[in-house]
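Enquirer: Below: one structure in structure tokens.
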Amino acid sequence: MKKMKALVKLKSGSGLWLEEKNIPEPGINDILIRVKKSAICGTDLHIYNWDEWAQKTIKTPITIGHEYVGHIAALGSGVKNFTIGDRVTGEGHIACGHCRNCWRGKKHICENTVGIGVHLDGCFAQYIRVPASNVLKISEHIDDDIVSIMDPFGNAAHTALSFPLLAEDVLITGAGLIGSMAVGICKFAGARNIVVTDLNEYRLAIARKMGATLAINPLKTSLHDAMQELNIHKGFDIGLEMSGSPAAFNDMISEMYNGGKIALLGILPRATGISWDKIIFKGLTLKGIYGREMFETWYKMEQMLLCGLDISPVITHRYHFTEFEKAFAVMKEGNCGKVILDFEN
Ligand code: NAD
Ligand code: ZN
């Protein structure tokens, strides 16, 4: 059995372990991918830190990671339309294909979703095995680094494109990796003003590079003042909640215009108190977002990139996978955009 290196959550507690594992064998309908680059997601940091969510969700041992680019190394006997050597990435949610939502074309809210790098071995390894139905060939005109972050870019695209944006005033709470990419998408899709909030100056700077009209720290500048500066007198038309912060969400609700629409990506704590009266009397629409639409979001992402949308400002750090401790330390500290691990050499 041939061996590979992998970053494994071996046991409970903080950390990851660099291990030698067998290279997986592809099943009939699987593809074996030689991983070139992987990006670290907030989910990976939760698993690294072994927080409450990770303790509840992760069964050890497991190789984590779900954002990657690589080349096809082997194909199961039943796989069609792919060739060894193709440059690919993958959708991280495996849908069952037979529940009511899968059957009605809503695979992203499949009732039996399984997560790569969460429930099944992931891509922080030299090879990953993925069902062919989750593998995507991406245009060669798009760089490897960008392809490695298509998964979170898809979260941003799914959220941002939930409602028509043309000429609308948009508020994005949270200029994290996903919030910053959403800024670029809103601009690309024709929003009038894009106001972004975050408590972290490093991230606000990335949001500005991505084209935010105004990127503010709400502890220093009130949303109300920002709106005055931009002549937004009635409120925001569209809200994209991408921080998971109850305070940010309540500020958003307060500053929405009547009839406004909010897409919720950030995972708000259960106990979040909400000004329900404002939602009701303003006639706001709330939409929960999970993952990416399979596969319309992927189509839109690829086409936006090919038409000139540049999301490269969100990538700020690169490490060899053996330096994973350094990479996770940077993620923990938070003064970073996307951190990419190189698995090639
Ligand atoms: P991130 O941690 O990089 O970004 C969150 C940002 O919110 C940070 O920059 C943080 O400084 C900022 N923030 C915290 N408190 C704030 C406040 N009061 N006001 C404004 N900003 C504040 O995370 P990310 O990877 O960009 O993901 C964004 C959110 O989406 C997270 O909550 C994540 O758990 C969630 N998420 C959801 C899905 C889904 O499918 N629904 C998928 C991926 C991520
Ligand atoms: Zn299903």
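Enquirer: Which lysines, on any chain, are close to residue 287 with Cα under 25 Å apart, when same-chain ones fewer than 8 places away are left out?
Expert: Once the sequence-local lysines are set aside, what remains near residue 287 is 106, 107, 187, 234, 261, 278, 300.
Enquirer: Percent relative contact order of segment 76-130, based on C-alpha pairs within less than 8 angstrom and at least six residues apart?
Expert: 26
Enquirer: Calculate how many DSSP beta bridges within the chain are antiparallel, expressed in % of all such bridges and rounded to the nearest 5. List each step's numbers first, then the result.
Expert: Working: 32 of 59 bridges.
If we restrict to bridges inside the chain, about 55 percent are antiparallel.
Enquirer: What lysines could a cross-link reach from residue 56, if we take a straight Cα to Cα line under 16 Å and drop same-chain neighbours fewer than 8 places away?
Expert: 9, 11
Enquirer: Considering only C-alpha atoms, what is the centroid distance from segment 237-289 to segment 82-152, in Å?
Expert: Computed from Cα coordinates, the inter-centre distance equals 30 Å.
Enquirer: Arrange the peptides 1-10, 243-252, 143-152, 167-176 so that the one whose residues have, on average, the most other Cβ atoms within 10 Å appears first.
Expert: 167-176, 143-152, 243-252, 1-10
Enquirer: Now for a separate question. Could you tell me the relative contact order of segment 184-265? Use alpha-carbon pairs under 8 Å, at least six residues apart, and round to a whole percent.
Expert: The value is 23 percent.
Enquirer: Let me ask something additional. Which order do 296, 241 fall in if you start with the one that has the fewest other Cβ atoms within 10 Å? Before the final figure, lay out the partial values.
Expert: Values: 296 14, 241 25.
If I rank by nearby Cβ atoms, fewest first, I get 296, 241.
Enquirer: Under the rule of at least 5 residues apart or a separate chain, name every residue whose amide H is placed under 5 Å from the amide H of residue 169.
Expert: Answer set, sorted by chain and number: 192, 193, 237, 238.
Enquirer: Of 233, 319, 265, whose Cα points farthest to the positive end of the dipole of segment 181-323 (charges on the beta-carbon: +1 Lys, Arg; -1 Asp, Glu; origin at the Cα centre)?
Expert: Of the candidates, 233 comes out farthest on the positive side.
Enquirer: Quick one: angle between helix 177-188 and the longest Cα principal axis of the chain, in degrees between 0 and 90, rounded to 10, please.
Expert: With both axes taken from Cα atoms, the answer is about 60 degrees.
Enquirer: Could I ask something else about it? What Kirkwood hydrodynamic radius, in Å, does segment 138-265 give when the mean of 1/r is taken over all pairs of distinct Cα atoms and then inverted? Walk me through the intermediate numbers first.
Expert: Working: mean 1/r = 0.0693 Å⁻¹.
It works out to 14.4 Å.
Enquirer: For residue 216, enumerate residues with amide H under 5 Å from its amide H, sequence gap 5+ or separate chain, H modeled in the peptide plane.
Expert: Long-range HN contacts for residue 216: 196, 197, 198.
Enquirer: When the dipole is taken about the Cα centre of the chain, and only Lys, Arg (+1) and Asp, Glu (-1) are charged at their Cβ, what size is it in debye, to the nearest 20?
Expert: That gives a dipole near 640 debye.
Enquirer: If you plug each phi of segment 262-268 into the Karplus form 6.51 cos²θ - 1.76 cosθ + 1.60 with θ = phi - 60°, what whole-Hz ³J(HN,Hα) values come out, in order, with x for Gly and Pro?
Expert: 10, 10, 10, 9, x, 8, 6
Enquirer: Assuming R0 = 25 Å, can you tell me the calculated FRET efficiency for the pair residue 192 and residue 143, based on Cβ-Cβ distance, to the nearest 0.05?
Expert: After rounding to 0.05, the efficiency reads 0.25.
Enquirer: I would also like to ask the following. Any idea which of 185, 42, 337 is furthest toward the positive side of the dipole for the chain, if Lys and Arg beta-carbons carry +1 and Asp and Glu beta-carbons -1?
Expert: The residue sitting farthest along the positive end of the dipole is 42.
Enquirer: Over the chain, what is the mean sequence separation of C-alpha contacts under 8 Å (at least six apart), divided by residue count, expressed as relative contact order in percent?
Expert: Values: 765 pairs, mean separation 58.0, N = 345.
About 17 percent, as a whole number.
Enquirer: Give 36/338; 220/326; 137/332 a once-over and call out the pairs whose C-alpha atoms are over 28 Å from each other.
Expert: Correct reply: 220/326; 137/332.
Enquirer: Using the alpha-carbon atoms, what tilt in degrees (0 to 90, nearest 10) does helix 150-160 show relative to the longest principal axis of the chain?
Expert: Around 30 degrees separate the two axes.
Enquirer: Now for a separate question. Run the helix sum for the chain: -39,500 (n - 2.57) per DSSP H stretch of 4+ residues, divided by residue count, reported at 222 nm to the nearest 500 deg cm²/dmol.
Expert: -7500 deg cm²/dmol
Enquirer: In addition: Around residue 318, which amide H atoms from residues at least 5 apart in sequence, or from another chain, sit under 5 Å from its own amide H, with H modelled in the peptide plane?
Expert: Amide H neighbours of residue 318: 340.
Enquirer: Hey, what angle do you get for helix 296-306 against the long axis of the chain, alpha-carbon based, 0 to 90 degrees rounded to 10?
Expert: 80
Enquirer: So if I place +1 on the C-beta of Lys and Arg and -1 on the C-beta of Asp and Glu, and nothing else carries charge, what would the dipole magnitude of segment 204-339 be about its Cα centre? I want it in debye, nearest 20.
Expert: 80
Enquirer: Return the ratio Rg/(2.2 N^0.38 Å) for segment 191-345, where Rg is computed over Cα atoms only.
Expert: Against the compact-globule rule of thumb, the ratio is 1.19.
Enquirer: Now, a different point. Among 197, 207, 250, whose Cα sits farthest toward the positive end of the charge dipole of the chain (+1 at Cβ of Lys/Arg, -1 at Cβ of Asp/Glu, about the Cα centre)?
Expert: 250
Enquirer: Right, next: What is segment 25-146 by shape, rounded, prolate or oblate, if you read a ≥ b ≥ c off the alpha carbon gyration tensor as root eigenvalues and call it rounded for a/c under 1.5, prolate for a/b larger than b/c, and oblate otherwise?
Expert: Values: a/c = 1.68, a/b = 1.18, b/c = 1.42.
Oblate.
Enquirer: Same structure again: Let me make sure I get this right: for the chain, a, b and c are the square roots of the gyration tensor eigenvalues over alpha carbons, sorted descending. Under 1.5 in a/c it's rounded, otherwise prolate if a/b > b/c, else oblate. Which is it? Write out the running numbers ahead of the final one.
Expert: Numbers: a/c = 1.81, a/b = 1.66, b/c = 1.09.
Prolate, since a/c reaches 1.5 and a/b exceeds b/c.
Enquirer: Can you compute 3J(HN,Hα) from phi for each residue in segment 115-124, using the Karplus curve 6.51 cos²θ - 1.76 cosθ + 1.60 with θ = phi - 60°, rounded to whole Hz and x for Gly and Pro?
Expert: Couplings: x, 5, x, 10, 10, 10, 3, x, 9, 7 Hz.
No value in this document is a laboratory result; all are computed from the given coordinates. In this text the structure is predicted, and so the values were computed from the model without any measurement. Cβ coordinates were reconstructed from backbone atoms using ideal geometry, including for glycine residues, and neighbour counts include every protein chain displayed.
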